[in-house]
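Structure, as structure tokens:
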Amino acid sequence: MRSDVVDVTILGAGPTGLAAAYYVGHRDGTVRIIESLEQIGGQVAATYPEKHVYDVAGHPKILGQKLVDLCVEQGLQYGADVILGEEAKTLDRISQNGEELLAISTAAGNTYCSRTVIVTAGHGAFEPRRLGIDDVDEWLGRGLHYVVREKAQFAGKRCVIVGGGDSALDWTLGLQDIAALPITLVHRRDRFRALESSLNEARRLEGEGAVRILTPHEVREVHGDGSIQAVSIENTATGETEHVECDALITLLGFVSHLGAIADWGLELEGKRQIRIDPMTCGTTVPGVYAAGDVAGYPGKITLISVGFGEAAIAANNAIASIRGEKVQPKYSTD
Ligand SMILES: Cc1cc2nc3c(=O)[nH]c(=O)nc-3n(C[C@H](O)[C@H](O)[C@H](O)COP(=O)(O)OP(=O)(O)OC[C@H]3O[C@@H](n4cnc5c(N)ncnc54)[C@H](O)[C@@H]3O)c2cc1C
């Protein structure tokens with residue numbers, strides 16, 4: 001158990017969690033953010049970082065990742081403790097040094113204590129969508145990758161990239177200057193979902209022998225001794241299977257989410273995927289626990305970034321007021 005107790009634990013580092021972190025910091029509260037992914041930015045960073053968003057007030061047109069970067073700059077300016085790659089599993093009420101606290105334990109085996117909790121978990125914890133191969137995760141760290149963190153990892157490597165969206169195309173192009181060529185791009189359908197310009201560039205590189213595009217194909221088996229050495233790829237139109245030697249298998253198939261353990265925390269739910277809140281306070285049915293953003297539900301709720309921002313302000317100000325026994329009132333940020 002971590003000994004440092006903070007005022008507010010924020011569960012989920014999407015735009016709402018980052019906005020809540022800002023408001024708690026602005027009120028001189030201490031914050032810890034717990035995020036199941038290794039990256040910040042929630043759905044925006046995970047599913048549409050390269051797309052423009054037009055309906056966030058004050059930003060007539062902004063790239064998803066740029067919006068996340070600005071939310072990070074604003075939300076973390078007061079020094080929030082950010083824990084990445086840990087999924088919150090349990091919520092308990094404990095007593096420590098005469099103070100009643102909320103204790104969140106994560107899948108990594110850590111326990112974090114705070115006076116209040118704001119759940120900003122969106123649609124639940126994200127995890128990468130996996131290939132339909134038994135025990136495929138055993139290859140993680142041994143040649144299988146669900147994200148490209150550092151290009152240098154792929155220097156001189158024979159890469160097979162799986163996926164039909166922007167990430168798969170972006171990295172097929174983005175690793176050209178570092179990986180061994182050709183890079184093999186595998187997609188189960190003939191049609192890609194990625195930007196036409198990226199696909200056109202990949203087709204041009206295919207003509208030069210720098211990319212192999214295999215569609216409609218699926219990776220069926222991974223082979224190796226200690227680390228990945230080859231994959232079997234099936235042409236699903238003909239049923240023929242090809243043995244492709246490779247050092248890195250990069251599967252960029254998007255993310256799936258699930259409310260998971262949060263649904264068992266005794267919080268009253270709104271439908272199956274949201275936590276019921278009182279929109280006046282963003283309080284849940286469990287004292288000290290607030291919710292905001294996509295995960296928070298009430299009749300008429302609209303799940304939009306700007307709605308999450310508004311609820312983040314309400315939840316954070318109510319959490320701070322409850323800790324200090326104060327009346328809830330806005331504190332302007334202007335100086
Ligand atoms: C393709 C697409 C386009 C969109 N376009 C727009 C648009 O144009 N305008 C707009 O306003 N909205 C848009 N949205 C919706 C918008 O992205 C969401 O409303 C917004 O991301 C919600 O933010 P959030 O912080 O509440 O949740 P999320 O962004 O979902 O973030 C929640 C975070 O919590 C983490 N988490 C969940 N459970 C746990 C757990 N147990 N432990 C630790 N971490 C956990 C998740 O991993 C995730 O990172 C779009 C959504 C999609 C999918």
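Residues satisfying the criterion are present in segment 169-183 (criterion: closer than 20 Å to His243 by Cα and either touching a Cys at 6+ places or on another chain (Cβ under 7 Å) or within 16 Å of the ligand (Cβ to nearest atom) (or both)).
Pairs meeting the criteria (first residue in segment 291-307 and more than 15 Å from Lys272 (Cα to Cα), second residue exposed (fewer than 15 other Cβ atoms within 10 Å of the Cβ), beta carbons under 8 Å, at least 6 apart or on different chains) are Leu304/Asp55; Ile305/Asp55; Ser306/Asp55; Ser306/Ala57. Among the residues of segment 8-26, count how many are among the polar types (S, T, N, Q) and more than 9 Å from the ligand (Cβ to nearest atom). Total satisfying the criteria: 1. Are any residues in segment 87-125 within 16 Å of the ligand (Cβ to nearest atom), in a strand (DSSP E or B) and among the polar types (S, T, N, Q), and if so, which ones? Scanning segment 87-125 gives Thr90, Ser105, Thr106, Thr111, Ser114. In the set Thr9, Thr16, only one residue is in a helix (DSSP H, G or I), among the hydroxyl-bearing types (Ser, Thr, Tyr) and buried (at least 16 other Cβ atoms within 10 Å of the Cβ); that residue is Thr16. Gly260 meets each of the listed conditions (1) modelled with pLDDT under 95; (2) surrounded by 19 or more Cβ atoms within 10 Å (Cβ to Cβ) apart from (2). Read through the list (1) within 8 Å of the ligand (Cβ to nearest atom); (2) in contact with a His (Cβ under 9 Å, 6 or more places away or on another chain); (3) open to solvent by less than 40 Å² (accessible area, probe 1.4 Å), then give the number of the only condition that Val44 fails. All conditions pass for Val44, except number (2). Every condition in (1) surrounded by 23 or more Cβ atoms within 10 Å (Cβ to Cβ); (2) more than 8 Å from the ligand (Cβ to nearest atom); (3) under 15 Å from the mean Cα position of the chain (by Cα) holds for Glu35 except the one numbered (2). Do we find that Glu234 is more than 16 Å from the ligand (Cβ to nearest atom) and either more than 30 Å from Gln74 (Cα to Cα) or in contact (Cβ under 8 Å) with a residue 60 or more places away in the chain (or both) in this structure? Considered against the rule, which asks whether it is more than 16 Å from the ligand (Cβ to nearest atom) and either more than 30 Å from Gln74 (Cα to Cα) or in contact (Cβ under 8 Å) with a residue 60 or more places away in the chain (or both), Glu234 comes out as yes. Contact map, segment 54-78: first residue under 14 Å from Ile305 (Cβ atoms), second residue at pLDDT 95 or above and more than 10 Å from the ligand (Cβ to nearest atom), Cβ cut-off under 6 Å, separation 6 or more or different chains; pairs are Tyr54/Lys61; Gln74/Tyr22; Gly75/Ala21; Gly75/Tyr22. Here is the figure for segment 230-242: residues that are polar (S, T, N, Q) and under 14 Å from Val136 (Cα atoms) total 1.
The values are calculated or read from the model by the stated rules, or taken from the named source; none is laboratory data. Predicted model only: the values in this text are computed from it and were never measured. Cβ coordinates were reconstructed from backbone atoms using ideal geometry, including for glycine residues, and neighbour counts include every protein chain displayed. To get the accessible areas, we keep the full protein, side chains included, count just its heavy atoms, and leave off ligands, DNA and RNA. Shrake-Rupley method; radii C 1.70, N 1.55, O 1.52, S 1.80 Å.
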